[in-house]
1. Show that you can apply the helix-only estimate: for the chain, add -39,500 (n - 2.57) for every DSSP H stretch of four or more residues, divide by all residues, and state [θ] at 222 nm to the nearest 500.
2. Once R0 is set to 35 Å, what does the formula 1/(1 + (r/R0)^6) return for the Cβ-Cβ distance between Lys199 and Asp242, expressed as a FRET efficiency to the nearest 0.05?
3. Over the chain, what is the mean sequence separation of C-alpha contacts under 8 Å (at least six apart), divided by residue count, expressed as relative contact order in percent?
4. Considering only DSSP beta bridges whose two residues both sit in the chain, what percent are antiparallel, to the nearest 5?
5. Determine one quarter of the surface area of the Cα convex hull of the range 209-284, which equals its mean projected area, and express it in nm² to one decimal.
6. Leaving out ligands and nucleic acids, and using a 1.4 Å probe, what accessible area per residue does the chain come to in Å²?
7. Counting Lys and Arg as +1 and Asp and Glu as -1, each charge on the Cβ, what is the dipole of the chain about the Cα centre in debye, to the nearest 20?
8. Quick check on the chain: what are the equivalent-ellipsoid semi-axes from the Cα gyration tensor, as sqrt(5λ), descending, whole Å?
Amino acid sequence: MPHGEEAGGRVVLAGAPLGNTGDASARLRDVLTSADVVAAEDTRRLARLARDLGVTVGGRIVSYFEGNEERRTPELVEALRSGAVVAVVTDGGMPSVSDPGYRLVRAALDAGFPVTSAPGPSAVTTALALSGLPSDRFVFEGFLPRSGSGRRARLRELAAEPRTLVFFEAPHRIVGACEDLVAIFGADRQAAICRELTKTYEEIRRDTLGALAAGAAADPPRGEITLVVAGAPAGPPVAPDDDQLRAEVAGREAAGASRRDAIQQVADAHGLRKRSVYALVHENR
């Protein structure tokens, strides 16, 4: 008979510390020692976590990450059929939240197996709480598209969202993401860059998008980043007049943007066609 917490196949999503192992729960320790199979996003990190917690992983350890998740899920469902308790552990936070786990949850439920959790920390709610922005209603968007054009297209769809927005972002893309947010959401929108949450070098930068973009360009944040952005202000947007549009283009040029980029950014920020802004800037010249 499997040596898991209870007999019968089931999935346990185990929340792992974001960085500070002091946040690990007693339940996480129990799951790691008792599960028949532990599907880990990174087996080396799992070994380090177990060592830091002073526990021994009692079951079979398998790697379960983005690159093999689709292929390995049927194998884990077969383990469930044999009565195994399968625990899923990611590098930090709750599995299936922009991390491996969703495919197994869906496959297990479709096959009739129960899914439960050993709740733990979440970068999403931790960053939201620390941001100082409204947290009663929010939207989690995960990672933005990697390409600049895809990212800008997605941000245009979100520009009018009134709820606080939470994103994950890679350190090598955070400067570009902030610049696109300024261009599309406007420089005055409040936001927070939260990095290395619960770790030694935890840092929360709270300011306007414009200030955060400038700060990120001058001193790029490193490590794991969660970006929190205030929702769009209430009420219908006020359409800018021609003089305001010209002034915004001139201001972006003065800040270092080329005229072409400045025109594109202003057009994006106000949902206008680039050719219309171009015509305004160049008329009477």
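1. Here the helix-only value at 222 nm equals -12500 deg cm²/dmol.
2. Efficiency at R0 = 35 Å is approximately 0.10.
3. Relative contact order, the chain: 17 percent.
4. The antiparallel fraction comes to roughly 45 percent.
5. 6.5
6. It amounts to 50 Å² per residue over the chain.
7. Once rounded to the nearest 20, the dipole reads 440 debye.
8. 46, 19, 15
The values are calculated or read from the model by the stated rules, or taken from the named source; none is laboratory data. Only a predicted model underlies this, so the values are computations on that prediction, with no experimental measurement involved. Please note: Cβ atoms are built from the backbone with ideal geometry, for glycine as well, and neighbour counts cover all protein chains shown. The area values use the complete protein model at the heavy-atom level, side chains included, leaving out ligands, DNA and RNA. Shrake-Rupley method; radii C 1.70, N 1.55, O 1.52, S 1.80 Å.
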